[in-house]
Each structure stands twice: as C-alpha cells, then as structure tokens.
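These notes concern the structure reproduced below.
The values are calculated or read from the model by the stated rules, or taken from the named source; none is laboratory data. In this text the structure is predicted, and so the values were computed from the model without any measurement. Note that we place each Cβ from the backbone using ideal geometry, even for glycine, and neighbour counts take in every protein chain shown.
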C-alpha cells in the first residue's frame, strides 16, 4: 500500500530468463539478488523503516528477537552431513 500511496516507481519488466544471465548482466538490468542467508535477510529487515512501520514497534522488535534466536540455532547446529563428512577425519 505504501508504494501505491507514495507512487513508488516500478522497474521496467525483464523479458529474459534472469537465471541465464551472469552477474554483470543482472547488475546492468538493475536486478538485485535476494539475501543469501537468514542472517543477510535479518540485516535487511532490521534496516527497513517500512517493515518497522508496517509491523509496529512491538511486533517488529519481537520478530527480530525471534529471528536472531532462529539464526543462532541454525548456525550452531551440527548437521548429519557435517558429522558424516568431518568426524572420520578426526
């Protein structure tokens, strides 16, 4: 709704397959990549006034706190792949 109310400009449509484009071609077309991890996404959300305004201060702060816990649990989790791959080396 904010984009409609404030008349945010729309980017030009892209008619080609962006997954076939290399990074330079995507940059030239103004196509940004989405965050590559929950941590990167969390950093983007924390910097977004729009998300904060949309959710409200209370929900926003709780959401950020929950996502920080989720990220911490994810990054410290030892997967079965890691156990299978690296334990035999020891």
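When you look at residue 59, is it more than 27 Å from residue 3 (Cα to Cα) and in a helix (DSSP H, G or I), yes or no?
Against the criterion (more than 27 Å from residue 3 (Cα to Cα) and in a helix (DSSP H, G or I)), residue 59 does not qualify.
Do we find a residue being within 18 Å of the chain's Cα centre (by Cα), at pLDDT below 95 and at positive phi anywhere in the range 24-35?
yes
Inspect the range 64-76 for any residue being closer than 28 Å to residue 5 by Cβ and either outside any helix (DSSP H, G or I) or at pLDDT 95 or above (or both) and give the result as yes or no.
Scanning the range 64-76 turns up at least one residue that is closer than 28 Å to residue 5 by Cβ and either outside any helix (DSSP H, G or I) or at pLDDT 95 or above (or both).
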